[in-house]
Amino acid sequence: MKEGTPIRLGLCLAAYGSTGLRGALAEAVGHGPLCLDLPTDTTLGLVDADRCLDDTDYRDEVAGVLADVATDWPVTCVSNSRDAQLLLGPHGPHTDRVLRGTAEDKRAHALRCAVGSIRIAQRLGAPMVRLLVGCPDFARWLSWWGSDVSWADNVAEFFTRAEPVLRAAREAGVTVLLEPHPKQIVYDRSSVDLLFAAAAEWAEVLALCIDPANLAATGHDPVASVAGWRTRLAAVHAKDLQRWSGPGQPPGKGWSRYGPQPPIRFRALGLGTLDWPAIVSMLIDEGFSGVLYAEHEDVLLPRQQGIEQTLNVLRSLLPTSGGEGRTW
């Protein structure tokens, strides 16, 4: 933790997918010590959420590797973005690379992995699990003449499908973080408000992780994206954003679309268009006391360079002690 601010810096280990947990930690330790977001996606090869469900020896093995390689690096969040997506869907070919099978097969896999993520979080003493749980029907973004179907129907299905996950989190003393994203049950402030308005029974179990770049990619103000959440905001992801406004497809690697908006790609901090000094200042003004995680998704830089770039920017923006204020 930096003296002078309660904000801690962290690192999302998803950038080290396919290296194995021990290899990922060996690469990462040069950047820290930092708080860790530990991914459990079965497709990443770091920690296997499915094994974490019932295999206590495996959970102990993961804890042992962390204690051996990453001393003084607390796991403050366990995450699952791909397996958990199958909880709400889509359940067609979009998600076959995670698991082939029926919708029921995919939901069962997502449930096992979500609860497995909670169990490894409990074993590691991590207070939070970040789950990207998918969305049942993206067409509910739109209103249809003669129909009363709305996004509230997606929210209702979330609580039906996620009830075993939320119950497991409550029993484990773990908070479930949802992250607004175009592929998710929450994708902007209004959809978040709708979900939390229906979440009275689970109010102490649910919180938010905000990624300003993901929200800016669909036209939202990245500075405002971290404001006004009060205690709901538990974590923030840090990466930068480029948007393409020219004709046709942009040149180069890493461009994608989040819908009908112009192409975007993610960069290390300082290499895109987001006003990260203003974002960090807003977090300080809001009294944010969670973890600000560097999330490397820059395809133009090797990960060690990109992560160091992002962390250097963040470190330059966080106060190291209380400010003296104006002295004249």
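The values are calculated or read from the model by the stated rules, or taken from the named source; none is laboratory data. Everything quoted here is computed from the prediction, not taken from an experiment. All Cβ positions, even for glycine, are placed from backbone atoms using ideal geometry, and neighbour counts span all protein chains on display. Keep in mind that these areas ignore ligands, DNA and RNA; they rest on the heavy atoms of the full protein, side chains included. Shrake-Rupley method; radii C 1.70, N 1.55, O 1.52, S 1.80 Å.
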For region 305-319, indicate whether the set of residues that are open to solvent by less than 10 Å² (accessible area, probe 1.4 Å), outside any helix (DSSP H, G or I) and either hydrophobic (A, V, I, L, M, F, W, C) or at pLDDT below 95 (or both) is non-empty. yes
Mind checking which residues of region 150-188 are touching a residue at least 24 places away in the same chain (Cβ under 8 Å) and open to solvent by 70 Å² or more (accessible area, probe 1.4 Å)? Arg161, Arg170, Lys183
Which residues, taken from region 234-257, are open to solvent by 20 Å² or more (accessible area, probe 1.4 Å) and either of a type in the set (Phe, Trp, Tyr) or in contact (Cβ under 8 Å) with a residue 24 or more places away in the chain (or both)? Gln242, Arg243, Trp244, Gly252, Lys253, Gly254, Trp255
Which residues, taken from region 64-112, are open to solvent by 20 Å² or more (accessible area, probe 1.4 Å) and small (Gly, Ala, Ser)? Gly64, Ala67, Ser81, Gly92, Gly101, Ala103, Ala108
Residues of region 80-113 being touching a Leu at 6+ places or on another chain (Cβ under 7 Å) and more than 22 Å from Asn154 (Cβ to Cβ), in sequence order, are Arg112
Quickly run through region 9-19 and pick out the residues that are open to solvent by 20 Å² or more (accessible area, probe 1.4 Å), among the small types (Gly, Ala, Ser) and under 8 Å from Leu46 (Cα atoms). Ser18
Of the residues in region 220-233, those that are in contact (Cβ under 8 Å) with a residue 24 or more places away in the chain and either part of a loop (DSSP other than H, G, I, E, B) or over 21 Å from Leu292 (Cβ atoms) (or both) come to His220, Pro222, Val223, Ala227, Gly228, Trp229
